[in-house]
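What follows is a set of notes on a single structure, which appears directly below.
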Amino acid sequence: MPPSESHLSPSPHLNGQGPLSASANAEALPVEATAGENPARGERAVTDETETGAATLFETEEAKTPLPLLSTLESLLFVADEPVEPARLAQALRSSLAEVTVGLQQLRAEYERHNRGVRLQERNGKVQLVTNPAGAQAVEDFLSLDLTTRLSGPALETLAIIAYRQPVTRAQIEAVRGVDCSGMVRKLEQQGLVEEVGRLETPGRPILYGVTDQFLQHFGMTRLDELPVLPTLDADSLAAVVALAEE
């Protein structure tokens, strides 16, 4: 009797059309077991690679997008620990001095227009970021400092002469005030409001004095040309007295 069709059909386990053969199963099991031991680890590896790739892509894209000149200029001014010349800023930015000068003007206007917490101070051809004088009390409280230098009448008189007529010698200051000013000038130097700016090329080479950046900050100015304009009579009198002291 002929064998049945079922007996003649080759076993699916032998022809490879069905489940894997024993040897294939033996090879596959360890792989499945390894993956099954900690499925989260495999997922985490994929996640880490994805995050790293995304971070790298973000950093690369960020590096490809340079800051505008105005923003970079502001960054340099922020990290500068002393007044800096515009030419030095232009060199660092690889820009022309004209471009940096325009940028500084734009920054100054923006700070003043929006009453920002910082201002751009300029003196002797150098610029520096300083805090807005209107926020002096808050800064003083925050830092637990006494930033207020209380000045007497004679100190203010001496400062005014130096500010309006600088560079000026002590003898010229005394010619205007009519009293000895050596102690007052020394005190103003100690307070950081006055400094030596040179020597007068005359016998004895007396010291020439001028005001400092701290002077501007103390009186809420960013440039010396913000000093109040003296009445013509006072300005002429001051100039005449100083000129007389030079003789």
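The values are calculated or read from the model by the stated rules, or taken from the named source; none is laboratory data. Everything numeric in this text was worked out from a predicted model, so none of it was measured. Cβ coordinates were reconstructed from backbone atoms using ideal geometry, including for glycine residues, and neighbour counts include every protein chain displayed.
Out of all the residues in the stretch 185-200, is one or more buried (at least 19 other Cβ atoms within 10 Å of the Cβ), under 29 Å from L104 (Cβ atoms) and not aliphatic (A, V, I, L, M)?
No: zero hits.
(1) of a type in the set (D, E, K, R); (2) more than 14 Å from L216 (Cβ to Cβ); (3) buried (at least 17 other Cβ atoms within 10 Å of the Cβ): which one isn't true of R113, the others all being true?
Among (1) of a type in the set (D, E, K, R); (2) more than 14 Å from L216 (Cβ to Cβ); (3) buried (at least 17 other Cβ atoms within 10 Å of the Cβ), the lone unmet condition for R113 is (3).
Quick one: which of V130, V100, V139 is surrounded by 13 or more Cβ atoms within 10 Å (Cβ to Cβ), not aromatic (F, W, Y) and not in a helix (DSSP H, G or I)?
V130
Could we say that L156 is surrounded by 15 or more Cβ atoms within 10 Å (Cβ to Cβ), closer than 23 Å to D225 by Cβ and aliphatic (A, V, I, L, M) here?
Judged against the criteria, L156 is not a match.
Quick one: would you say E157 is within 16 Å of H218 (Cα to Cα) and in contact (Cβ under 8 Å) with a residue 60 or more places away in the chain?
no
Does the stretch 119-127 contain any residue that is in a helix (DSSP H, G or I) and more than 15 Å from the chain's Cα centre (by Cα)?
The answer is no; no qualifying residue exists.
Every residue in the stretch 178-205 that is of a type in the set (G, A, S) and farther than 15 Å from S152 by Cα, please.
G178, S182, G192, G198, G204
Is the stretch 223-231 home to any residue that is crowded, with 16+ Cβ neighbours inside 10 Å, modelled with pLDDT of 85 or more, charged (D, E, K, R) and not in a strand (DSSP E or B)?
Among the residues of the stretch 223-231, not one is crowded, with 16+ Cβ neighbours inside 10 Å, modelled with pLDDT of 85 or more, charged (D, E, K, R) and not in a strand (DSSP E or B), which makes the answer no.
Going residue by residue through the stretch 204-215, is there one that turns out to be out of contact with any strand residue (DSSP E or B) (no Cβ under 7 Å at 6 or more places or on another chain) and farther than 27 Å from K126 by Cα?
Within the stretch 204-215 (the criterion being out of contact with any strand residue (DSSP E or B) (no Cβ under 7 Å at 6 or more places or on another chain) and farther than 27 Å from K126 by Cα), the answer is yes, since at least one residue qualifies.
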